[in-house]
Amino acid sequence: MIVPNERGYFGDYGGRFVPETLIGALDELTKAFEFYRHDQAFQDELKEWLTNYCGRPTALYRAKRLALELGIKEIYLKREDLAHTGAHKINNTMGQALLARRMGKKRLIAETGAGQHGVATATAAALFGLECEIYMGEKDIERQAMNVYRMDLLGAKVIPVTSGSRTLKDATNEAIRDWVTNVGHTHYIIGSVVGPHPYPLIVRDLQRVIGIEAKAQILEQSGALPDYVFACVGGGSNAIGIFHPFLEDDLKMVGVEAAGSGLESGAHSAPLCVGEPGVLHGSLSYLLQTEDGQIKEAHSISAGLDYPGVGPEHSYLRDQGRVEYISVTDDQALAALRLLCRTEGIIPALESAHALAGVVAQAERLKEQCVLINLSGRGDKDVATLAALEDKGGK
Amino acid sequence: MQRLRETFAKLETQGRKALITFITAGDPDLDATCDLVETLVEAGADIIELGVPFSDPLADGPTIQAASLRALERGTTLKKIIATVKKIRSRTEVPLVLMTYYNPLYHYGLKELVKDAVAAGVDGLIVPDLPLEESEELRRLAVDKLAVIPLAAPTTPDTRLAKIVAAGRGFLYYVTVTGITGTRTSLPKELSQSLDRVKKIAGELPLAAGFGISTPEQARTVGAHADAIIVGSALVEIIAQHGASAAGRQELGDKVKALRRALDAV
């Protein structure tokens, strides 16, 4: 089965649950995307930007000291942290900004959690001379101050969102409200494989470059495909990006969600592990929700994973059993972050540290295996959070 | 659903326009909602739209967002709202429609929801995040029992509008502005023409215009080109200030009466 179908469904998940006002814009976007997806000039231009501006292909690095420490045969890190702006998010924003330009849209808006997507959107807007406004939860503005300043430097306006949990979920609501109001001249760059069709498809298409490169690189370096691929899952764009080109191959994939203070505590961001299907932000997918169908607030130390929903394709892959989804706590992620700093001299983002922590947690069964991990972003943005934890004398 | 049909038929023979009033159920609490509905009906509302509070109301502006939050903090749930409708039904035959985001319905179970809503006396559902393509199952389950009231927007092309009308029941909810709910000082200047165009396509399905309408003057202007007007945020603001106190009910009633008079002058 080819997913998504023409209505944007990955099996039972996906679709377009948005106000009627946006249907025309989504149709327009679908049409433009389907055209430029096969347009050689567009693809050449995108490749040019990704190569000479973003620094692609990003390195694939064999982490020998980390592997030795964990007693795992081979570990490879796909270094998305080395992409311009410090995370995989730029792959998506460059593609969507080019698309917006072709569609004649003068203004870009985006939601952001950790600020990486906001920075990547602000970067593309600055580069192409487009107006840019970024919605960000007040709580995330506090814990990701550096990225707020970066967006400001890049000429974007950061709009604090004070409703609800004051995190990514509420920033997304506000961005959708803006888009409903300004749909004529504005393109909304969604930062993950979430939202109404065609967004989960567009973002997947733009992030597949991660897996395509990694596959060629690992074949060249080790002469074989990996046995396992690990990635962290919030909305799930870096995970889909690395998983998708390997879906037909004979290997196992593991998506790592944020268990926050622990699944049993209720304070987590693990809808695939313990959520139920429902509709949020335009698509049907696994969700954290109450008995009455209200969306629950998520929790994670990582602002980029602090989201109660997940992309519909992950829900599909979960139900198919093609990808295994597990979760690790804040503490496990912090320990993994420190481990990578000390063994390999790489400071990973708190989000990416969840993928590492997933490998640490499963080290026993990975002993004889070759493991590929998507290191989706760098951790500079998180040092203030880490320092604050040290001050509290913990962790 | 029958109540909706009869109301529009009666108003048409009288040559009058329908006044549809929105309040958020459970704001300030569900007992108050019963009283507030009575106030609205006594003041001249023809159809009552009860908002089901949702944690993430992405088609709503600040006024209704805040009302949703107040209602949720008081423990309002869809189940309790349906029970409240049952109570209201013992007092009035006014058509009642629920305006709700899709997830609470989906989570309730569509089949169960239709059964319970019909039994309680709900006449229709307005689901702002459920466009034509996604509403098929709900429409199939609700058929002839519960009106699934469709929405159309200024961005809806005519060909699509015709499909929306064909699938719609109860009335057509035309969103007057490209945007979210909330009072506005001015409405789009091309609105009258848009409504005339939509009215032609809507045919037998009554045309109701909502979003941004708050003053008697706006009611009159818009009412001249539609079968009904919908007022929400302007009423919710009164409840936000006064709750369901006697003073609040007085002010709410006065506001609805003013809108009623304006509409009857069309």
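Bin by bin, in steps of 5 Å, what percent of the Cα pairs in the stretch A:200-323 do you find, going until the bin that has the longest distance?
2, 12, 20, 22, 18, 12, 8, 4, 2, 0, 0
For a quick protection proxy, order the peptides B:197-209, A:330-342 by their average other-Cβ count within 10 Å, most packed first.
Highest-to-lowest ranking by the protection proxy: A:330-342, B:197-209.
Could you give the Stokes-Einstein D for chain A in µm² per second, using the C-alpha Kirkwood radius, 20 °C, 1.002 mPa s?
My calculation gives 104 µm²/s for D.
Ratio of alpha-carbon Rg to the 2.2 N^0.38 Å globular estimate for the stretch A:1-145, to two decimals, please.
Taking the Cα Rg and dividing by 2.2 N^0.38 Å, one obtains 1.27.
Excluding ligands, DNA and RNA, what is the solvent-accessible area per residue of the stretch B:2-264 at a probe of 1.4 Å, expressed in Å²?
Each residue of the stretch B:2-264 exposes 39 Å² on average to a 1.4 Å probe.
Test of the criteria: in the stretch B:1-95, which GluC sites (Glu not before Pro) are in a DSSP loop and have at most 16 other Cβ atoms within 10 angstrom of their Cβ?
Those that pass, being in a loop and sparsely packed, are B:Glu93.
Which residues of the stretch B:108-132 show a drop of at least 10 Å² in accessible area when all protein chains are present, compared with their chain alone (probe radius 1.4 Å, heavy atoms only, ligands and nucleic acids excluded)?
Flagged in the stretch B:108-132: B:Pro128, B:Asp129, B:Pro131.
In square angstrom, what is the accessible area per residue of the stretch A:1-155 with a 1.4 angstrom probe?
Here the per-residue accessible area is 40 Å².
Only Cα pairs under 8 Å and at least 6 apart count here; give the relative contact order of the stretch B:2-264 as a rounded whole percent.
Rounded, it is 23 percent for the stretch B:2-264.
Using only the alpha carbon atoms of the stretch A:87-188, find the Kirkwood hydrodynamic radius as the inverse mean reciprocal pair distance, in angstroms to one decimal.
13.1 Å
When only alpha-carbon atoms are used, what values of Rg and Dmax, in angstrom, describe the protein assembly as shown?
26.0, 86
Within 10 Å, at most 10 other Cβ atoms, and a DSSP state outside H, G, I, E, B define an exposed site. Report the longest part of chain A free of exposed GluC sites (Glu not before Pro).
It runs A:7-247.
In Å³ and rounded to a whole number, note down the convex hull volume per residue for the Cα atoms of chain B.
110 Å³
For B:Asp227, B:Asp129, what's the largest-to-smallest order of accessible area, 1.4 Å probe?
B:Asp227, B:Asp129
Over the Cα atoms of the stretch B:156-200, what radius of gyration and what Dmax do you get, in Å?
Values for the stretch B:156-200 (Cα only, Rg and Dmax): 11.8, 33 Å.
Where Lys and Arg each count +1 and Asp and Glu each count -1, what net charge lies around A:Val229 among other residues with Cβ under 14 Å from its Cβ?
Every neighbour counted, the sum reads -3.
If you look at just the Cα atoms of the stretch B:162-257, how large are its Rg and its Dmax in Å?
14.8, 45
Across the residues of A:21-27, average count of Cβ atoms on other protein chains within 10 Å?
Counting Cβ atoms of other protein chains within 10 Å of each residue's Cβ and averaging gives 6.
First select every other residue whose beta carbon is under 13 angstrom from the beta carbon of A:Lys106; then total the charges, Lys and Arg +1, Asp and Glu -1.
Summing Lys/Arg as +1 and Asp/Glu as -1 gives +2.
If I take R0 = 22 Å and measure r between the Cβ atoms of A:Glu220 and A:Ile2 in this structure, what FRET efficiency does the formula 1/(1 + (r/R0)^6) give, to the nearest 0.05?
0.15
At a probe radius of 1.4 Å, figure out the B/A buried accessible area, summed over both chains, and give it in Å² to the nearest 100.
Result for this pair: about 2700 Å² buried.
Counting only other chains, what is the mean number of Cβ atoms within 10 angstrom of the Cβ of each residue in peptide A:176-183?
If you average over the peptide's residues, the count of other-chain Cβ atoms is 5.
For every other residue with a beta carbon closer than 13 angstrom to the beta carbon of A:Val328, add +1 if it is Lys or Arg and -1 if Asp or Glu, then tell me the sum.
-4
Excluding ligands and nucleic acids, what accessible area in Å² is computed for B:Tyr108 using a 1.4 Å probe, to the nearest 10?
50 Å²
Given the whole protein assembly as supplied and a 1.4 Å probe, what does the accessible area of A:Lys105 come to in Å², nearest 10?
That residue has around 20 Å² of solvent-accessible surface.
From the alpha carbon gyration tensor of the stretch A:271-355, can you work out the equivalent ellipsoid semi-axes (sqrt of 5 times each eigenvalue) and give them in Å, largest to smallest?
28, 15, 10
Reachable aspartates and glutamates from B:Lys10, Cα under 18 Å, same-chain residues fewer than 8 places away excluded?
B:Glu42, B:Asp46, B:Glu93, B:Asp123, B:Glu204, B:Asp227, B:Asp264
So if R0 is 35 Å, what FRET efficiency would A:Met103 and B:Leu110 give, r being the distance between their Cβ atoms, rounded to the nearest 0.05?
0.45
Can you bin the stretch A:247-388 into rounded, prolate or oblate? Criterion: square roots of the alpha carbon gyration tensor eigenvalues sorted a ≥ b ≥ c, rounded for a/c under 1.5, prolate for a/b above b/c, oblate for the rest.
Since a/c reaches 1.5 but b/c is at least a/b, the shape of the stretch A:247-388 is classed as oblate.
The values are calculated or read from the model by the stated rules, or taken from the named source; none is laboratory data. Computed from a prediction, not measured in an experiment: that's the story for all the values here. FYI the Cβ positions are ideal-geometry reconstructions off the backbone, even for glycines, and counts take in every protein chain you see. Accessible surface is based on the protein model in full, side chains and every heavy atom, while ligands, DNA and RNA are left aside. Shrake-Rupley method; radii C 1.70, N 1.55, O 1.52, S 1.80 Å.
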